[in-house]
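The values are calculated or read from the model by the stated rules, or taken from the named source; none is laboratory data. None of these values were measured; they are calculated from a predicted model. All Cβ positions, glycine included, derive from the backbone under ideal geometry; neighbour counts span all protein chains shown.
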Amino acid sequence: MGPEGNNKTGYIPDQNFRKDLRTDKNTYHQDNFLYKKDIDKYICPEEKLLRLYKTRRKDYGYRNFQKKIYKGKDCPNCFKKSACTSQKYRTIDIEDRKQLLEQMRQRLQTDEGRKKYNAT
């Protein structure tokens, strides 16, 4: 049975919850890259595409994990590359649990979530 079936709503922050809410992030932080679901690509702040490079799967027995890795193709020619990455190409790794993490973070930022989380 999934979490929807037990009539309980969780308010559990992840280890980076407070850090990732900061507004003083680097312009090239991965949160500033726009995901376009219809084409399954990310667009960087310089409007260059990061395409799906590969998918890694890991089976721990109790759960299978999948991570998609997106990679920029135009990075070597980008005039902002040094501010974005020290690697040859910028990559973004997205684990399959990212959507669940985002849902929990949104819940924690509601009035009810703030009350419950700050009460501890």
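Pairs meeting the criteria (first residue in the range 94-111 and farther than 14 Å from residue 35 by Cα, second residue of a type in the set (Phe, Trp, Tyr) and part of a helix (DSSP H, G or I), beta carbons under 8 Å, at least 6 apart or on different chains) are 105/17; 108/17; 108/117.
Could you give every pair whose Cβ atoms fall below 9 Å, whose first residue belongs to the range 50-66 and is free of Cβ contacts under 8 Å to residues at least 60 places away in the same chain and of a type in the set (Asp, Glu), and whose second residue is assigned to a strand (DSSP E or B) and surrounded by 12 or more Cβ atoms within 10 Å (Cβ to Cβ), counting only separations of at least 6 or pairs across chains? Listed by first residue and then by second, the contacts come to 59/65. Scanning the range 1-52 for residues that are among the β-branched types (Val, Ile, Thr), at pLDDT below 90 and closer than 17 Å to residue 71 by Cβ yields a count of 0. Of all residues in the range 57-87, those being under 15 Å from residue 28 (Cα atoms) and exposed (fewer than 14 other Cβ atoms within 10 Å of the Cβ) number 5.
Results for (1) out of contact with any helix residue (DSSP H, G or I) (no Cβ under 7 Å at 6 or more places or on another chain); (2) closer than 17 Å to residue 98 by Cα; (3) acidic (Asp, Glu), shown as yes or no for each residue.
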{"site": "40", "(1), (2), (3)": "yes, yes, yes"}
{"site": "48", "(1), (2), (3)": "yes, no, no"}
{"site": "56", "(1), (2), (3)": "yes, yes, no"}
{"site": "75", "(1), (2), (3)": "no, no, no"}
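For residue 70, the test of being out of contact with any helix residue (DSSP H, G or I) (no Cβ under 7 Å at 6 or more places or on another chain) and assigned to a strand (DSSP E or B) is passed. Report yes if some residue within the range 54-63 is part of a helix (DSSP H, G or I) and either in contact with a strand residue (DSSP E or B) (Cβ under 6 Å, 6 or more places away or on another chain) or not acidic (Asp, Glu) (or both); otherwise report no. The answer is no, given that none of the residues of the range 54-63 is part of a helix (DSSP H, G or I) and either in contact with a strand residue (DSSP E or B) (Cβ under 6 Å, 6 or more places away or on another chain) or not acidic (Asp, Glu) (or both).
Inspection of the range 106-118 finds no residue satisfying the criterion of being more than 30 Å from residue 10 (Cα to Cα) and either modelled with pLDDT of 85 or more or exposed (fewer than 12 other Cβ atoms within 10 Å of the Cβ) (or both).
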